[in-house]
Amino acid sequence: KAGDPGSRGAGDISYVARYMKGSIDGLGASGRGAHAPGETINLKEFPQLIQRAALLIYRLTHTD
C-alpha cells in the first residue's frame, strides 16, 4: 500500500528531473530525521523494497 505523499519530504530526483526525459522516486525506505544527525531508517521494510525494485527492473527490461 502506498504511503501518503503529503507526509513525505522532497525526493532527491526533484533536483535533476528537469534535465531528464523521465524519472522515478519513492522507492526508498521510510524513517525519521531525514539527512540529519540522528536519522533513522526502517530496516524491516527492506525485503519488500528489494522485491519491489526487482519487479520494477524486470518489467522495465522485459517488455514484449
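The values are calculated or read from the model by the stated rules, or taken from the named source; none is laboratory data. Just so you know, these numbers come straight off a predicted model, no measurement behind them. We place every Cβ from the backbone using ideal geometry, glycine too, and count neighbours over all the protein chains shown. Surface accessibility is based on the protein's heavy atoms, side chains included, excluding ligands, DNA and RNA. Shrake-Rupley method; radii C 1.70, N 1.55, O 1.52, S 1.80 Å.
Worth pointing out:
- Residue check, Leu60 touching a residue at least 24 places away in the same chain (Cβ under 8 Å) and farther than 20 Å from Asp4 by Cα: no
Residues checked against (1) at pLDDT below 80; (2) open to solvent by 90 Å² or more (accessible area, probe 1.4 Å); (3) not in a loop (DSSP other than H, G, I, E, B):
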site: Lys1; (1), (2), (3): yes, yes, no
site: Ala10; (1), (2), (3): yes, no, no
site: Lys21; (1), (2), (3): no, yes, no
site: Lys44; (1), (2), (3): no, yes, yes
